[in-house]
Amino acid sequence: MTERFRAGWHVGRVVSRRPETASAVRLEIEVPTWPGNHAGSHLDIRLTAPDGYQASRSYSIASSGPATRVVLAVDEVPSGEVSPYLVHDLVEGDELEVHGPLGRYFVWTPDDPDLAPVQLIAGGSGVVPLYAMAAAREREARGPDFRLLYSVRTPDDVFFADELAALTATSIDVVHTRRAPATAARPPGRLTGKSLAASVFPATAMPRIYVCGPTPFVETVAGWLSQLGHDPARIRTERFGGSG
Ligand SMILES: Cc1cc2nc3c(=O)[nH]c(=O)nc-3n(C[C@H](O)[C@H](O)[C@H](O)COP(=O)(O)OP(=O)(O)OC[C@H]3O[C@@H](n4cnc5c(N)ncnc54)[C@H](O)[C@@H]3O)c2cc1C
């Protein structure tokens, strides 16, 4: 039976920060009262300015399980209110208010009785919760087949590059939209319905599908999946925001 992790407010301390990509940072936050979280869930960070002004934003959790060390990866939205602060100004030792874990729908748990294959489809930083699912699957001796289709601008924009390369239970297909490495199977270019169809599990395999990324990416991909005959009830989406 899947454990329920009750959401609440917590205070965490940044214990590690390092560049994840040229525009993103990986944050490890120690949250002593954290109840643990399922792979795919997220939390809200609330920042309070000296004058009392508050802003909160959601961030997916790259870690899962009972640990109190929570791993996030935040990409900078250059004109944004919160992400530039997290990427550039937050330092080790800083305290943060966090609320979570949140999101019971966009999660994968190893004890899920549904053994159909799992298709993960990520755009940019949308890979964070999907990486958490692939890492959780990797820790299990047995489980469904996993595939990840991951759209990024260039090889330098791949989140969790080393960790993804080390996965053995998930097959990974990276689409580079602007610049591809010399070893890439295809030239750079945006993901198309045709290339998506060639990469993902077919509808006849009845995969469970998780799609995450900027809102236009998620909506386009969900439309292609429907056209390919995938059951909308088996497609779970998480939109990170932004417009076309
Ligand atoms: C459930 C959930 C999980 C998320 N997980 C992550 C995560 O793991 N890593 C991460 O980097 N972000 C994640 N996000 C996005 C995050 O919550 C913020 O929206 C993002 O950091 C921008 O916040 P901001 O305050 O800097 O920008 P804002 O001040 O809120 O927005 C500035 C401008 O940028 C646009 N914008 C907002 N968000 C995006 C975006 N994601 N892409 C492009 N344009 C955008 C807005 O429409 C606006 O025009 C997640 C969002 C949700 C809903």
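Probe radius 1.4 Å, ligands and nucleic acids ignored: give me the carbon and sulfur share of the accessible area of the chain as a rounded percent.
On the way: 6100 of 11830 Å².
Within the chain, the accessible surface is 52 percent carbon and sulfur.
Based on Cβ point charges of +1 for Lys and Arg and -1 for Asp and Glu, what charge dipole magnitude is obtained for the chain about its Cα centre, in debye rounded to the nearest 20? Let's see the in-between values first.
Values: 24 positive and 28 negative charges, 149 e Å.
In debye, rounded to 20, the chain gives about 720.
Report the local net charge at D231: Lys and Arg +1, Asp and Glu -1, summed over other residues whose C-beta lies under 14 Å from its C-beta. The partial results should precede the final answer.
Numbers: positive: R208, R234, R236; negative: D114.
Net charge around D231: +2.
With +1 on each Lys and Arg Cβ and -1 on each Asp and Glu Cβ, how big is the dipole of segment 8-102 about its Cα centre, in debye rounded to the nearest 20?
280 debye
Cut-off 10 angstrom, C-alpha nodes, Gaussian network model of the chain. Which of P84, P50, P129 fluctuates the most?
The residue that fluctuates most here is P50.
Considering just Cα atoms, how many Å³ per residue does the convex hull of the chain enclose? It would help to have the intermediate numbers written out before the result.
Working: hull volume 31.3 nm³, N = 244.
Hull volume normalised by residue count: 128 Å³.
For the chain, set up a GNM with springs between Cα atoms under 10 Å and report which of I209, I61, I172 has the largest fluctuation.
For the chain, modelled as a Gaussian network with Cα springs under 10 Å, the answer is I172.
Rounded to a whole number, what is D in µm²/s for segment 8-102 from Stokes-Einstein with the Kirkwood radius over alpha-carbon pairs (10 °C, 1.306 mPa s)?
Working: Rh = 13.3 Å.
Answer, rounded: 119 µm²/s.
In the Gaussian network model of the chain, springs joining C-alpha atoms below 10 Å, which of D112, D51, D145 carries the largest mean-square fluctuation?
Ranking D112, D51, D145 by mean-square fluctuation puts D51 first.
As I understand it, the value is the acute angle between the Cα axis of helix 215-227 and the longest principal axis of the Cα atoms of the chain; what does it come to in degrees, rounded to 10?
Its long axis makes an angle of about 30 degrees.
Give a residue-ordered list of calculated ³J(HN,Hα) values for segment 201-212 (Karplus: 6.51 cos²θ - 1.76 cosθ + 1.60, θ = phi - 60°; whole Hz; x for Gly, Pro).
Computed from phi, the couplings for segment 201-212 are 4, x, 4, 5, 7, 6, x, 8, 10, 10, 10, 8 Hz.
So how tilted is helix 127-138 from the main axis of the chain? Cα-based, degrees 0 to 90, rounded to 10.
70 degrees
In whole angstrom, and with the biggest value first, how far do the Cα coordinates of segment 118-239 range along each principal axis?
Largest to smallest, the principal-axis extents are 36, 34, 24 Å.
Summing -39500 (n - 2.57) over the DSSP H runs of n ≥ 4 in the chain and dividing by its residue number, what mean residue ellipticity at 222 nm do you reach, to the nearest 500 deg cm²/dmol?
Numbers: 4 runs with 37 residues, N = 244.
One gets -4500 deg cm²/dmol as the mean residue ellipticity at 222 nm.
If you take every residue apart from T21 with its C-beta less than 10 Å away from the C-beta of T21, what net charge results, scoring Lys and Arg +1 and Asp and Glu -1? Please list the in-between numbers first.
On the way: positive: R26, R153; negative: E20, D75, E76, D156, D157.
With Lys, Arg at +1 and Asp, Glu at -1, the net is -3.
Hey, what D do you get for segment 149-196 in µm²/s if you plug the Kirkwood alpha-carbon radius into Stokes-Einstein at 20 °C and 1.002 mPa s?
Numbers: Rh = 11.2 Å.
D = 191 µm²/s.
Measuring with a 1.4 Å probe in the full set of protein chains, what accessible area per residue, in whole Å², belongs to the chain? Mind showing how you got there, number by number?
Working: 11830 Å² over 244 residues.
Value returned for the chain: 48 Å² of accessible area per residue.
The values are calculated or read from the model by the stated rules, or taken from the named source; none is laboratory data. This structure is a prediction, so every number in the text was calculated from the model and none was measured. Cβ: placed from backbone, ideal geometry, glycine included. Neighbour counts: every protein chain shown. Only protein heavy atoms, including side chains, enter the accessible area calculation; ligands, DNA and RNA are left aside. Shrake-Rupley method; radii C 1.70, N 1.55, O 1.52, S 1.80 Å.
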